[in-house]
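A short write-up of the structure that comes next.
Nothing in this text is a laboratory measurement; each read-out follows from the coordinates by a stated rule. Keep in mind it's a predicted model, so treat the numbers as computed, not measured. Using ideal geometry, Cβ is built from the backbone for each residue, glycine included, and neighbour counts are taken over all protein chains shown.
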Amino acid sequence: MSLNKHHKPWCTVEHCLLCLARHPVVSSVCILSCITIFGSIILIHVEPTTFRTIGDGLWFTYISLLGIGYGDIVPQSWQGRIAAAPLLLLGIVSVSIFTAIVELFFLRPFLKIGPDNRLLLHEIQQLKELVVSKQAKIQTQIEMQERQRSETQVKQDELYAQLQALVSRLEKGAARDH
């Protein structure tokens with residue numbers, strides 16, 4: 001499989017930066033990882049007696065960036081301390097930024113009022129108006145049914161009174177016949 005001169009590989013710097021911009025949590029983890037790796041490499045070169053392996057440098061840098069600071073491995077020389085000081089400051093800043101990014105990542109759908117949410121708000125308003133109009137129709141129907149029930153009750157009472165009058169006349173007529 002040969003690549004022609006117009007075909008670009010999918011993994012370019014621009015592509016990677018675009019992917020990182022779309023995924024802030026992943027990008028902040030990548031940034032923290034890069035700071036950890038580069039900080040440990042710097043410390044190994046500045047103070048090789050204290051940081052003998054890459055693991056020692058990574059451990060110190062990682063613990064310093066997170067603000068834990070166990071104290072089991074610390075730079076002994078002033079050059080190592082000067083190299084470690086920016087790591088400590090970067091740790092405070094980067095962990096704060098990482099926390100804010102993660103928070104925004106999870107809260108973004110609830111905080112963002114963009115075109116999609118405006119459309120949803122408009123639909124909610126329309127549904128609210130529809131519910132109010134349906135409630136008014138139902139209330140009108142209930143009132144009409146109450147009126148009809150009341151009229152039916154009056155008619156029923158009239159018919160009952162007429163029935164009572166007929167029964168009483170029949171009883172009087174039957175009593176006269178005997």
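Quick look at the values:
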read-out	value
Residues L120 and R149, FRET efficiency given R0 of 25 Å [Cβ-Cβ distance, rounded to 0.05]	0.05
Within the chain, longest stretch clear of exposed chymotrypsin sites (Phe, Trp or Tyr not before Pro) (DSSP loop, no more than 15 other Cβ within 10 Å)	71-178
Value at 222 nm in deg cm²/dmol, rounded to 500, when DSSP H runs of n ≥ 4 in the chain each add -39,500 (n - 2.57)	-28500 deg cm²/dmol
Reported label for calculated Cα Rg over 2.2 N^0.38 Å given (1) 1.17; (2) 2.66; (3) 1.08	(2)
Contour excess over end-to-end distance, with Cα ends at Q156 and R108 and 0.36 nm allotted per residue	10.8 nm
Relative contact order computed over the chain (Cα-Cα under 8 Å; 6+ residues apart), in percent	17 percent
Alpha-carbon centroid distance for the pair segment 143-178 / segment 25-61, whole angstrom	101 Å
Computed lengthening from L163 to I97, 0.36 nm per intervening residue step minus Cα-Cα distance	14.9 nm
Difference of contour (0.36 nm per residue) and Cα-Cα distance, T53 to C19	9.0 nm
